[in-house]
Amino acid sequence: MANIPGIIFFETITPVHMGAGSSLSHIDLPIQRDRTTNFPIFQSSGIKGALRAWAGETEKCAAKDINTIFGPEPQSPEDESRAGALAITDACVLLLSVASEPGVFSFVTCNLALNDFFNKLMSTGLIKEGKNLPEAKETEILVTNSYPGKGKHWLMDLPFDVKTDKDLTKLAELLGRFIFTGQSASALHKRLQQYLVLVHDEVFKDLCIQATEVRNRIRINPDTGVVQEGALWTEEFVPCHTVFYSLTFFSDRYQSLPPEQGYKILSQQIFSNGICQMGGDQTLGHGWVRVNLYLEKYFANQQ
């Protein structure tokens with residue numbers, strides 16, 4: 001039995017809340033995070049649930065294909081107690097959107113996140129070898145040759161010395177071709193080339209905590225028109241233009257839907273309009289992400 005690998009990029013186009021439940025911190029409803037690094041993640045169970053729901057809403061994908069890809073619904077007439085053909089890993093953060101000066105915001109990453117990304121791609125065979133990855137000191141940031149600023153660069157309220165790096169320039173060009181598609185691709189690709197920023201691992205960890213968006217929420221008493229007593233809470237969101245990635249594996253155990261055909265259904269029917277809703281607060285316009293799926297042949301053409 002073979003598992004055909006692929007990769008999905010998720011770019012947040014509105015704030016996203018993939019919730020971790022209650023918390024003992026000052027944030028009542030925090031986002032999901034990796035237990036070891038404290039980096040934001042999207043847990044795979046939430047991703048599969050969102051994709052399955054989205055597939056049903058698009059009305060382009062046949063019910064039998066949805067059941068084969070994601071597995072039958074519990075208690076459904078077609079329930080055969082079997083798993084779906086598609087496996088998805090937790091989505092890891094690759095580029096964190098952080099307020100900056102100059103540039104309004106920058107795409108921030110670190111050596112740890114990049115190494116993890118390329119090691120996973122190599123382990124699945126999507127790429128044959130890794131990339132030359134530079135390392136930044138705690139007091140500096142590395143930028144591409146297209147960086148338009150001079151002197152200090154501020155990430156939130158933190159000042160950094162600026163140093164250009166040719167390997168980061170090549171990386172920005174490569175990532176931009178995969179992550180940004182559609183009508184906004186050109187502008188965002190250009191921004192990535194100008195404002196891709198590599199920071200020290202510890203700095204990135206701090207930014208993953210401090211650069212998320214925290215909103216105060218209230219519930220209004222419909223009878224009085226004022227805030228209901230005790231109904232005040234805080235909710236954490238991943239900011240817009242943050243980029244995550246998941247590895248996918250499509251099993252060939254089901255002869256009725258070969259992996260190539262399954263991936264074709266995913267890309268042309270489920271992801272046909274390029275966006276999907278994930279996480280909570282759908283009626284508030286939150287959780288919209290742009291989705292791009294790639295297989296090995298695409299990476300082979302771009303390396």
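Observations on the model:
- Every residue from the stretch 141-156 that is open to solvent by 30 Å² or more (accessible area, probe 1.4 Å) and in contact (Cβ under 8 Å) with a residue 40 or more places away in the chain: Ser146, Pro148, Trp154, Met156
- Residue list for the stretch 49-65, filter: open to solvent by less than 20 Å² (accessible area, probe 1.4 Å) and either at pLDDT 85 or above or of a type in the set (S, T, N, Q) (or both): Ala50, Leu51
- In the stretch 81-103, the qualifying residues are those that are of a type in the set (A, V, I, L, M) and modelled with pLDDT under 95, and the one that is surrounded by the fewest Cβ atoms within 10 Å (Cβ to Cβ) is Ala83.
- Close pairs (8 angstrom Cβ cut-off, 6 or more residues apart or separate chains): farther than 11 Å from Ile7 by Cα in the stretch 119-130, small (Gly, Ala, Ser) and open to solvent by less than 70 Å² (accessible area, probe 1.4 Å) anywhere: Asn119/Gly130; Met122/Gly130
- Of all residues in the stretch 47-63, those that are farther than 14 Å from Val289 by Cβ have Cβ atoms under 9 Å from Cβ atoms of residues that are open to solvent by 30 Å² or more (accessible area, probe 1.4 Å) and acidic (Asp, Glu), 6 or more apart or on another chain, in Arg52/Glu73; Ala63/Glu78.
- Each residue in the stretch 223-265 was checked for being in a loop (DSSP other than H, G, I, E, B) and either modelled with pLDDT of 85 or more or touching a Cys at 6+ places or on another chain (Cβ under 9 Å) (or both), and 4 pass.
- Tally of residues being touching a residue at least 40 places away in the same chain (Cβ under 8 Å), within 18 Å of Ser45 (Cα to Cα) and open to solvent by 10 Å² or more (accessible area, probe 1.4 Å) across the stretch 248-285: 5
- Total residues in the stretch 121-138, condition touching a strand residue (DSSP E or B) at 6+ places or on another chain (Cβ under 6 Å) and open to solvent by 50 Å² or more (accessible area, probe 1.4 Å): 0
- Residues (in a helix (DSSP H, G or I) and either in contact with a His (Cβ under 9 Å, 6 or more places away or on another chain) or open to solvent by 60 Å² or more (accessible area, probe 1.4 Å) (or both)) located in the stretch 196-214: Glu202, Lys205, Asp206, Ile209, Gln210
- For the criterion of being under 16 Å from Gly103 (Cβ atoms) and surrounded by fewer than 16 Cβ atoms within 10 Å (Cβ to Cβ), Thr164 passes.
The values are calculated or read from the model by the stated rules, or taken from the named source; none is laboratory data. Here the structure is a predicted model, which is why all the values come from computation and not from measurement. Note that we place each Cβ from the backbone using ideal geometry, even for glycine, and neighbour counts take in every protein chain shown. These area figures cover heavy atoms from the full protein model, side chains too; ligands, DNA and RNA do not enter into them. Shrake-Rupley method; radii C 1.70, N 1.55, O 1.52, S 1.80 Å.
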